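The values are calculated or read from the model by the stated rules, or taken from the named source; none is laboratory data. The structure presented is a predicted model; accordingly, all values stated were derived computationally and were not measured. Reconstructed Cβ throughout: ideal geometry from the backbone, glycine too, with neighbour counts over all protein chains shown.
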Amino acid sequence: MSRGAQHGSALLDALTAAALLVASVWLAVQVQLDATRRADAAAQQTQAAQLAVQKLETLRALTEVQGPPPPGEDTPAVSLPGVFVRRWHSTSDTDAALHTLSVQVAWRDRLGRAQTLERRLIVSISAHLQPRP
């Protein structure tokens, strides 16, 4: 092989190695970005679940003392960026002894997509709190 062909082959080897290095770094960055997005989504889902459970426990306690709560909405302060909106309502079965408390938490993720999470709890109403016919 001539000297010029050897230099051309070495240059081609160097370019191939550089291309492989760039592709590897790009892939590593993409994997890291995906992991970060997934961790962020998990944190938001966890925050939403905690907000829903907190509200359900408050509504359950009020229901045991005062009867079914009226529907409502609030925007609790949270440690994560973004706004989480909670909405709640209750429904009763035909004899009004059981009530289903529902809490829905809505927010937008970092990409601006709407997300929601809903939790429900069935509560038995004491006889003295049930509406009279």
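Of the residues in region 27-49, none is within 16 Å of ILE125 (Cβ to Cβ) and out of contact with any Cys (no Cβ under 7 Å at 6 or more places or on another chain). Candidates in region 71-91 are the residues that are among the hydrophobic types (A, V, I, L, M, F, W, C) and not in a strand (DSSP E or B); of these, the one that is surrounded by the fewest Cβ atoms within 10 Å (Cβ to Cβ) is ALA77.
Total residues in region 92-121 satisfying the condition of being assigned to a strand (DSSP E or B), at pLDDT 90 or above and surrounded by fewer than 15 Cβ atoms within 10 Å (Cβ to Cβ): the figure is 6. The one condition from (1) modelled with pLDDT under 85; (2) part of a loop (DSSP other than H, G, I, E, B); (3) not hydroxyl-bearing (Ser, Thr, Tyr) that VAL65 does not meet is (2). For region 18-39, the condition holds for at least one residue, the condition being that it is touching a residue at least 12 places away in the same chain (Cβ under 8 Å) and either under 23 Å from GLN115 (Cβ atoms) or of a type in the set (Phe, Trp, Tyr) (or both).
Conditions tested, residue by residue: (1) free of Cβ contacts under 8 Å to residues at least 12 places away in the same chain; (2) more than 18 Å from ILE125 (Cα to Cα); (3) of a type in the set (Lys, Arg).
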position: ARG87; (1), (2), (3): no, yes, yes
position: LEU98; (1), (2), (3): no, no, no
position: ARG110; (1), (2), (3): no, yes, yes
position: ARG113; (1), (2), (3): yes, yes, yes
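Restricted to region 79-91, and to residues there that are modelled with pLDDT of 85 or more and touching a Lys or Arg at 6+ places or on another chain (Cβ under 9 Å), the residue that is farthest from GLU57 (Cα to Cα) is VAL83.
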